[in-house]
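The values are calculated or read from the model by the stated rules, or taken from the named source; none is laboratory data. Source: prediction; values computed, not measured. Every residue, glycine as well, gets a Cβ built from its backbone with ideal geometry; the counts of neighbours run over all protein chains shown. SASA here: full protein model, heavy atoms, side chains in, ligands and nucleic acids out. Shrake-Rupley method; radii C 1.70, N 1.55, O 1.52, S 1.80 Å.
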Amino acid sequence: MRKLTILTTVSAAVLVLTTAASFADTVRMGTEGAYPPYNFINDDGEVAGFEREVGDKLCEIAGLTCEWVTNEWDTIIPNLLSGNYDTIIAGMSITDEREEVIDFTQDYYPPTASAYASVSDGIDLMAGVIAAQTSTIQAGYVATTGATLVEFATLDDTIAAVKNGEVDAVFADKDALAPFVAEQGFMFLGDDVPLGKGIGLGLRESDTDLKAKFDAAIDAMKADGSLNALLIQYFGEETATY
């Protein structure tokens, strides 16, 4: 799905993490808190959404205590490597480029489509001005199409740019755009674009034991149907499931 973080910003951090990192029974779960319905901050100021429920259940199955930490998207990998938290659970697509820097669990959200959306039709998506969240696989894709790419810090910023006429359309995860299409006058344009290899938890490459615990917990959620139930709850009956 979304997110392609520029790796040059983290190469220095990788060099210093040459020893195996240990983890305690309390695991700090790093998320963005700004990408509903995957993750967001609720009215009580707490992390909520699909990934909050998935993460809490995974920690319960694995016998771990979760603490939730928020971090801006553009520094989310460097701060994992710096030890500010132990995982990334933030709608992060598994990509070959990221796997050169961090490790991933198996996917807890299957590969799905990205899409264009706008408030008007008749837009030339290959030659127009297209918004995408910075350092995402969607931004990387738009840059290859011939369109003019304008990057923004958050999904909400890309939506605002479409509404105020700064850009012609936004390109993002189709699931993330669906509420704007349903409720705010946006429409999907063109064909869906499959990107990424699904969404997994990101971890430091040295945390092999923690990865094994989460992989086993994801297996358990897939086997008992609880992961599919959450996918349907947050993304609808038509969403891809396991």
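By definition, a body whose alpha carbon gyration tensor gives a ≥ b ≥ c is prolate when a/c is 1.5 or more and a/b is larger than b/c, and the chain fits this prolate description.
Given a Förster distance of 25 Å, report the FRET efficiency between E166 and E72 from their Cβ-Cβ distance, rounded to the nearest 0.05.
So, using R0 = 25 Å, E works out to roughly 0.70.
Ordered from highest to lowest accessible area with the whole protein assembly present and a 1.4 Å probe, M126, M29, M187 read as M126, M187, M29.
Rolling a 1.4 Å probe across all protein chains gives E100 an accessible area of roughly 130 Å². Annotation: amide H-H contacts under 5 Å for T145 (H modelled 1.01 Å from N, sequence separation of 5 or more, or interchain): none.
For the pair A127 and A220, the difference between a 0.36 nm per residue extended length and the Cα-Cα distance amounts to 28.9 nm.
Distant-in-sequence amide contacts of V150, defined by a placed amide H-H separation under 5 Å and a gap of 5 or more residues or a different chain, comprise I130, A131, A132.
Any chance you could look up the accessible area of R204 with a 1.4 Å probe, heavy atoms only, rounded to 10 Å²? Counting only protein heavy atoms, R204 exposes about 20 Å² to solvent.
Per-residue ellipticity at 222 nm from helix content only, as computed over the chain with -39500 (n - 2.57) for each DSSP H run of at least four residues, stands at -9000 deg cm²/dmol. Extension gain for S120-T241 works out to 40.4 nm (0.36 nm per residue, less the C-alpha to C-alpha distance). Amide H contacts of V69 (H built 1.01 Å from N, in plane; Pro and chain starts excluded): M29, G30, T31 sit under 5 Å, all sequence-distant by 5 or more or on other chains.
Distance between the pseudo-spin-label points of A153 and M187 (7 Å out from Cα toward the beta carbon): 3.3 nm. When the alpha-carbon atoms of segment 86-225 are used, the pair Rg, Dmax equals 16.8, 51 angstrom.
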